[in-house]
1. What is the set of long-range amide H partners of HIS149 at a cut-off below 5 Å, with H atoms built 1.01 Å from backbone N?
2. For the range 6-120, what relative contact order do you get, as a whole percent, if you take Cα pairs closer than 8 Å and at least 6 residues apart?
3. First select every other residue whose beta carbon is under 14 angstrom from the beta carbon of ALA18; then total the charges, Lys and Arg +1, Asp and Glu -1.
4. Select from PRO13, THR86, THR74 the residue farthest towards the positive end of the dipole of the range 6-120; place +1 on Cβ of Lys and Arg, -1 on Cβ of Asp and Glu, and compute about the Cα centre.
5. What is the distance, in nm, between label points placed 7 Å from the Cα along the Cα-to-Cβ direction at VAL146 and at LYS256?
6. Considering only DSSP beta bridges where both residues belong to the range 6-120, give the percentage that are antiparallel (nearest 5).
7. Between ASP176 and GLU34, 0.36 nm times their residue separation minus their Cα-Cα distance comes to what?
8. Note down the net charge around ARG278, summing +1 for each Lys or Arg and -1 for each Asp or Glu among other residues with Cβ under 13 Å from its Cβ.
Amino acid sequence: MKGMKVKDVMSSPVHVIAPEDTIAHARRLMLRHEISRLVIVDKEKPVGVVTKSDLMWKLRQAGPMWRRRQIDRTPVKVVMSANPVTTYPDALLEETEELMLENNIGGLPVVDDGLIGMVSKFDIVRQFSNTESRVKVGDIMSDFVVTVHRHSSINHVIDEMQENDIHRVVVMEDDDTPVGIITSSNLAFIELETEKGEMPEKKIKMTRKDSPAGRKRFRDIEKKGLVAEDVMSSPLITVDKNEFVVNAAKMLIEHKIEGMPVVDGRLVGVISKTDIIRMLHSVATA
């Protein structure tokens with residue numbers, strides 16, 4: 001892919017909204033078009049970008065304010081990332097990859113006398129998936145995996161993401177089997193509080209262990225707020241450590257996901273589009 005330009009892989013046209021459009025409108029566009037980011041345009045000039053991750057982090061940080069200013073009345077300019085990093089159609093892909101990695105962003109507006117497209121990690125990984133490569137998943141995966149139990153609270157999940165500066169956690173069963181994954185996109189629009197300001201509840205059956213006397217197990221009903229299993233993506237899509245990265249890229253594109261757990265008889269890591277972009281950039285600049 002060395003020598004390729006942004007115009008060879010970018011997506012066009014771009015879904016845009018105005019600064020005064022509501023967060024609810026942004027959400028509807030994301031869901032309808034199955035996209036993770038929108039460009040905010042004012043007088044035909046890109047002035048910001050908003051992603052599902054932006055909405056999740058910023059709405060939570062705002063706390064009680066959002067109970068007074070609902071998303072159907074709040075302008076998207078309140079949560080957008082202003083002054084977006086942009087690129088141009090004749091820029092080399094390796095230059096754009098570097099911008100993505102340095103700024104920790106997943107996509108850049110493409111400008112040429114106005115907004116003409118968007119280039120994202122998805123676009124680059126999709127292009128890579130059509131090439132040949134013998135690099136294996138185990139060679140580039142991250143072996144740092146944050147896990148949560150399926151009954152972990154949503155607040156605990158978000159705290160783990162923030163403390164570890166990550167965008168996904170793997171959800172585990174009691175026997176340490178991975179059963180799902182939660183990303184910042186999963187959490188973008190969930191309701192953490194009811195209209196009364198209370199945490200929504202669900203009932204969970206808790207099983208006690210057998211007693212030494214061999215008595216029967218008992219099930220307790222425990223009320224809890226929303227938990228990991230309520231928002232996780234399942235069934236879980238995984239890839240083997242010894243699979244070729246190009247095949248993992250095909251899986252990410254096919255399922256429209258940002259990353260997935262890596263297994264080798266057990267959970268051993270995670271591979272994401274960022275890992276693939278980092279690999280491609282390393283090769284292109286070697």
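1. MET172
2. Relative contact order comes out at 34 percent.
3. Counting the neighbours of ALA18, the net charge comes to -1.
4. THR74
5. Placing both labels 7 Å along Cα→Cβ, they lie 2.6 nm apart.
6. Bridges in the range 6-120 are about 85 percent antiparallel.
7. 47.9 nm
8. Result for the neighbourhood of ARG278: -4.
Laboratory data are not the source of any read-out in this text; all were calculated from the coordinates shown. Quick caveat: nothing in here was measured; it's all calculated off a predicted structure. Positions of Cβ are backbone-derived with ideal geometry, glycine not excepted, and every protein chain shown enters the neighbour counts.
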